[in-house]
1. So what's the back-of-envelope 222 nm ellipticity for the chain, counting only DSSP H runs of four-plus at -39500 (n - 2.57) apiece and dividing by all residues, rounded to 500?
2. Calculate what fraction, in whole %, of the accessible area of the chain sits on carbon and sulfur atoms when a 1.4 Å probe is rolled over the protein chains.
3. Tabulate in residue order the Karplus-calculated ³J(HN,Hα) for the stretch 46-60, using 6.51 cos²θ - 1.76 cosθ + 1.60 with θ = phi - 60°, rounded to whole Hz; enter x for Gly and Pro.
4. Just to be sure I understand: with springs between alpha-carbon atoms less than 10 Å apart, which residue in Phe166, Phe272, Phe310 has the highest mean-square fluctuation in the Gaussian network model of the chain?
5. Can you give the relative contact order of the chain as a percent, counting alpha carbon pairs under 8 Å and 6+ residues apart?
6. Need the C-alpha centroid separation for the stretch 151-219 versus the stretch 1-65, integer Å.
7. Magnitude of the Cβ-charge dipole of the stretch 234-332, K/R +1 and D/E -1, about the Cα centre, nearest 20 debye?
8. Whole number in Å², please: accessible area per residue of the stretch 161-282, 1.4 Å probe, ligands, DNA and RNA not counted.
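The values are calculated or read from the model by the stated rules, or taken from the named source; none is laboratory data. A quick note: this is a predicted structure, and the numbers were derived from the prediction, not measured. A quick note on method: Cβ atoms are made from the backbone with ideal geometry, for glycine too, and the neighbour counts reach across all protein chains shown. With ligands, DNA and RNA removed, areas are computed over all heavy atoms of the protein, side chains included. Shrake-Rupley method; radii C 1.70, N 1.55, O 1.52, S 1.80 Å.
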Amino acid sequence: MNDATRQEWLLEDGTAADRLDRVLARLQADLSRSRLQALIREGQVAVDDVPVLDPNRKVAGGVRITLVVPPPVPAEPAGEAIDLTVVYEDDDVIVIDKPPGLVVHPAAGHDSGTLVNALIAHCGESLSGIGGVKRPGIVHRLDKDTSGLLVVAKNDLAHQALAAQFADHGRTGPLERAYLAILWGAPERRRGTVEAALARSTHNREKIVVVGEDRGRYAITHYEVLEGLPPAQPLASLVRCELETGRTHQIRVHMAHLGHPLLGDATYGSGFKTKANRLAEPSKEALKALNRQALHAAILGFEHPRSGEFLRFESPLPRDMTGLLEALRAEI
């Protein structure tokens, strides 16, 4: 969309009075309601050729509504040619298999070299604008050193629909997300749920801690032990985790709270350095080569925002985690 687009509708006689933003949301499903409200306040909507600046204004049958959508402005982050593993892409969404070490969104200390920079360059003109800006719509994130699947919206319609699915976290909707993690030790129960509120530490702003329910955000993680490593006397475990909420560092903090932090997690597993010293040399080398928390977003399923089709993707464990698994399986 390189030029402004103009659309016009004549409301049928007898149409019940309703707020202008609600009426427009029914007429123009490709734009989110918040985007339509912004366009109204910017003077881009007219009723019978008279600009209306109030989204709450009631309109009824017999009036003509005109909407002008300006072309999206360029995104502030610059596009950068960064190699991406694209699992799926169409006009509405793109699914990426993110490598470890790639920051998702520009922030202080990471204003370039991010997934957003890469997507702006990769998607180009297929980005029709999120909130009037030609940028990808990030609806969920992975930590810099977490690998795996991530879906990104390319327009307002997709952004709104995906955001609603991720807000629900699969409780009542179609969203499916599963992670694979390698933990120190073996949880007492092979299947379980961790329910513990989370908040940013007051002593270290980079760290998330478990707090009382009245002080933090409610968080639930379901886990299942898939394999003891090695099987006879597990020093570690391969675990599948599913999120019922999506808090920062949630799996990492909840597993540490359980007493089984992720291997390689310098933030939440630093107290397990002595355990690492007891590993056989091949496992020590594999853990050193990992150089990150052993966490991978392995499964992602969601309802396509336009077609309604359920799309499901699986990502195999990356080489650094499979190397660690193989070494741990061979421990004696």
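1. My calculation for the chain gives -6000 deg cm²/dmol from helical runs alone.
2. The C+S portion of the solvent-accessible surface of the chain is 48 percent.
3. Once rounded to whole Hz, the list reads 10, 10, 6, 6, 10, x, 10, 9, 10, x, 7, 4, 7, 10, 9.
4. Ranking Phe166, Phe272, Phe310 by mean-square fluctuation puts Phe310 first.
5. Across the chain, relative contact order equals 14 percent.
6. Measuring centre to centre over Cα atoms gives 37 Å.
7. 320 debye
8. With all protein chains present, the stretch 161-282 gives 51 Å² per residue.
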